[in-house]
Structures are given as structure tokens and as C-alpha cells.
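For reference, the structure is listed below as C-alpha cells.
Where a number appears in this text, it was derived from the coordinates with a stated rule and is not lab data. Worth saying up front: this structure is predicted, and the values here are computed from it rather than measured. Note: ideal-geometry Cβ built from the backbone for every residue, glycine included; neighbour counts use all protein chains shown.
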Amino acid sequence: MLNRNLLILVFIMYSFVAPAQQKLDVQGHRGARGLMPENTIPAMKKALDYGVTTLELDLSISKDKLPLVSHEPYFSATISLTPEGNAIPEAEEKNYNLYKLTYDEIRKYDVGSKPHPDFPEQQKMVAYKPLLAELIDSVERYAASRNMPPPHYNIEIKASPEGDKVFHPEPEEFVALVMQVVQEKGIQERLILQSFDPRVLEQAHSKHPDIPIAFLVSNLKGLEANLQRLSFQPAVYSPYHKLVNSKIVEACHEKGIRIIPWTVNDKTRIRQLVRMGVDGIITDYPDRVEIPAK
């Protein structure tokens, strides 16, 4: 009888713990930047290999109005080589403005061969900045071919008032161009749109109220002050991980907001945040996150 009661107790405890564990949204930052060239199709596939729930990526716009995957709206000197194989001087990198180049021109640059000083484990290969449409097609096929669940996407629209009409279109056009691809590919129900720019989030929420919005934060203003910068409540609050403590997690959950910090690469810190009850982890190293077995 004692053994039977013990088994019942264990089952009850597991029934409460397991669902909570399964809710952790593991997001591969720029795919799996610690392991593969960032924001490339190989990086996204590597993230899926490690069981991420969501692919986190950044978008810019080309001269011919095509959404492409890139963290900067120019060719970063840290990761880029010209079509001739030459390094780009850091002082000149912003001259390689994606918004002033057609995608055919952008496609010729190599963003995977140059060693990254911050990510020594990163595998080097010739790689390019893909179109959003191509990336979605590629990872959807990859997941299906391996009987993986269809991936979710956390897409960051990289914009600022200073960059309008210089490095990218204004928010209304930027959001429209991105959502055109999203709708063509039918991934709306697996999408989060995120940005540091409240103008982008307001535009996205106004035109597409069913799409979950994530508010990226790196300042010290605090939860309440940041939420007041929006006219609506976002689905996700996404602060820099060092700004996160148990009180902020609790405050977000009291408001019905998910909290998903970025970018967490230390295993100990990942465990701390999971114990605090965060709803997700954005990391360059999805292999460092202990993903509960389903």
C-alpha cells in the first residue's frame, strides 16, 4: 500500500511539473549564432537539430523592397567579406547599406567564412544573407523531412527613427513588406513580431492585432515605465537577461504577459532564469539549454 501511495504521489507531482517544463520556449538567437554563421539558413537548421521551439531572427530591407535576414542594415565588418573576398574596414561598414543594394548584389557577399572573435566554436563556411521567404521555405522543408514539429518564428524588425529612409523604410511600409511574406508562407499562427522601436510595434498591432507582439528592452526604466511607452499591452516582455529578477517575472505574469529574456549563453544563468519562471530563453547556444523531454 505504501509503494502504491508513493507512486500516486509521484504521478501527481509530475503532472504539475511536466506541463510547466514543456512551456519553456527555447529560442535560437539568430539561429544558433554560437555554433554557425548568424542569421543564415545553416544556423536555423542547426537550432532545429537542438530542439528549439522558436527561430529568432532579424530583418532588413533591400533596395528592391525584399525582406532579408540580417542583424545590421549594412554589412558588418565583423562577419562580412566582399564579393571579391576582401575584408570590410569597420570605419566603412555603414557604407555597405543593404537598403541601397539590390538583393542580387547582397547575395554575393560572404557572411560565414570570417572567424568571429566572440564565437570560437562557430563553424565557418561560405554563407549569405537569405531572403525571409527562402529561409522559411528551407527550414519548413527541413523540419518536415525530419518529422520535427513546424518551427515558430520570432522576427525582429530592426528600425529606428534615425534610420527611416536611410537604412530602412518607415514603420508602416516595413511592417507591410514583412507581413506580406509571412502571409504568403502561412506562418501567422507561429509568429511573434518583436522590436525595440515602439513605432514598429504600434504599427504591427494596429494592422495585425492577432499577431503576438514582443517588446524588446535594454534600458533601466523598469517594467511599468516601459509598458507605458505602448498604447497596448504586449504579449511578451523581452528584456536583456541581466535586467530580469523574480519580481519582474512575477509582475509580468500578474499582468498576463510572458517574459522571454535575451541573450543568455551561460548555463548557470539559464538555470537561474528557468527557476524564476521565465516563459522562454533566447540563446546563441541552444545546445546549452536543458530542454525537457516531451
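Between residue 87 and residue 250, residue separation times 0.36 nm minus the direct Cα-Cα distance comes to 54.0 nm. Over the chain, DSSP H runs of length four or greater, each weighted -39,500 (n - 2.57), average out per residue to a 222 nm ellipticity of -10000 deg cm²/dmol. To the nearest whole percent, what portion of all C-alpha pairs in the stretch 62-141 is separated by more than 19 angstrom? Roughly 37 percent, rounded to a whole number. Fewest-first ordering of 29, 152 by other beta carbons within 10 Å of each residue's beta carbon gives 152, 29.
Derived from the Cα gyration tensor, the three semi-axes of the equivalent ellipsoid of the stretch 223-294 are 23, 12, 11 Å, largest first. Could you please state, rounded to a whole Å, how far the C-alpha centre of the stretch 193-230 is from the C-alpha centre of the stretch 246-294? Using only Cα atoms to place each centre, the spacing works out to 19 Å.
Could you tell me which GluC sites (Glu not before Pro) in the stretch 195-294 are loop residues by DSSP with no more than 16 other beta carbons within 10 angstrom of their beta carbon? The partial results should precede the final answer.
Working: sites: 202, 224, 250, 254, 290; in loops: 290.
Taking the stretch 195-294 and a limit of 16 other Cβ atoms within 10 Å, the loop GluC sites (Glu not before Pro) found are 290.
Which whole-number percent is the relative contact order of the stretch 55-111 (Cα, under 8 Å, 6+ apart)?
Result for the stretch 55-111 is 38 percent.
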